[in-house]
Amino acid sequence: MAESLETALVPGRTCDGCTLCCKLAEVKALAKPMGVWCKHCDVGAGCVIYETRPRECEVFYCLYRTAKGISELWRPRDSHMVMTHEPQATRINVWVDTEFSGVWRNPQYLRPLRQLAQNMLRRRGSLIVWEGNHGTAILPDREINLGLAMHKQIVVMGRDGPNGEEYNVEAWERDDPRLTQI
Ligand code: SF4
Ligand code: SF4
């Protein structure tokens with residue numbers, strides 16, 4: 001996926017050799033679910049229908065391509081993870097290639113994830129690691145298993161504690177009556 005909308009891309013970074021979003025992203029126009037290779041992907045090379053690919057593919061770039069603050073460590077081809085930002089949900093998503101399940105627990109990744117999560121939580125946002133439909137909320141001091149949370153509402157709660165602000169993250173059904181109270 002990628003490589004056409006020339007907006008706010010980090011100079012010097014390319015998709016060359018990486019097609020991981022063509023596996024991990026959902027593509028509604030093609031009825032392609034998350035986590036399976038798109039039938040149009042030449043894995044590691046590119047899109048074989050590049051000129052006519054769906055608009056959602058055309059405009060997609062992962063955070064590695066668009067965010068200067070995301071270091072080379074997160075290059076999807078090497079990390080086996082694709083980071084995206086959902087501004088309307090104030091959320092960073094980390095989609096993990098399930099062939100490399102648990103890779104995010106490696107301290108070289110978990111440490112920066114905790115720092116990023118801290119920044120998101122201060123804005124009542126969240127950082128969720130997704131392995132398939134299974135979500136794990138990252139907090140500065142722990143992880144919270146959200147279960148099969150992909151289609152649920154992620155709710156972030158904070159309160160003053162003896163050591164500063166304390167956070168909790170839960171996944172609620174979208175018709176949960178508590179959602180009308182927040
Ligand atoms: S259509 Fe092309 S860009 Fe879109 S997911 Fe498939 S291979 Fe990737
Ligand atoms: S995951 Fe990111 S770096 Fe890899 S092909 Fe997609 S947009 Fe490019």
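The numbers here are math on the coordinates, done by the rules we state, and not lab data. Being a predicted model, the structure only gives us computed values, none of them experimental.
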*Stokes-Einstein at 20 °C, 1.002 mPa s, Kirkwood radius from Cα pairs: D for the chain in µm² s⁻¹?*
124
*Hey, how many Å between the Cα centroid of the stretch 93-156 and the Cα centroid of the stretch 28-49?*
24
*Is the stretch 80-181 rounded, prolate or oblate when judged by the Cα gyration tensor, a ≥ b ≥ c being the square roots of its eigenvalues, rounded requiring a/c under 1.5 and prolate requiring a/b larger than b/c?*
oblate
_From the phi angles alone, apply the Karplus equation (6.51, -1.76, 1.60; θ = phi - 60°) to the stretch 137-146 and give each ³J(HN,Hα) in whole Hz, x where the residue is Gly or Pro._
7, 9, 10, x, 10, 6, 10, 10, 6, 9
*Stretch gain in nm, segment A8-E165, where the contour uses 0.36 nm per residue and the Cα spacing is subtracted*: 53.2 nm
*Kindly express, to the nearest 10 degrees and within the range 0 to 90, the angle between helix 107-122's C-alpha long axis and the longest C-alpha principal axis of the chain.*
60
*What residues qualify as long-range amide H neighbours of G35, i.e. H under 5 Å apart, gap of 5 or more or another chain, H built at 1.01 Å from N?*
L24, A25
*For the stretch 85-93, what does the Karplus curve 6.51 cos²θ - 1.76 cosθ + 1.60, with θ = phi - 60°, yield as ³J(HN,Hα) per residue in whole Hz, taken in order and with x for Gly and Pro?*
10, 10, x, 5, 9, 6, 9, 9, 9
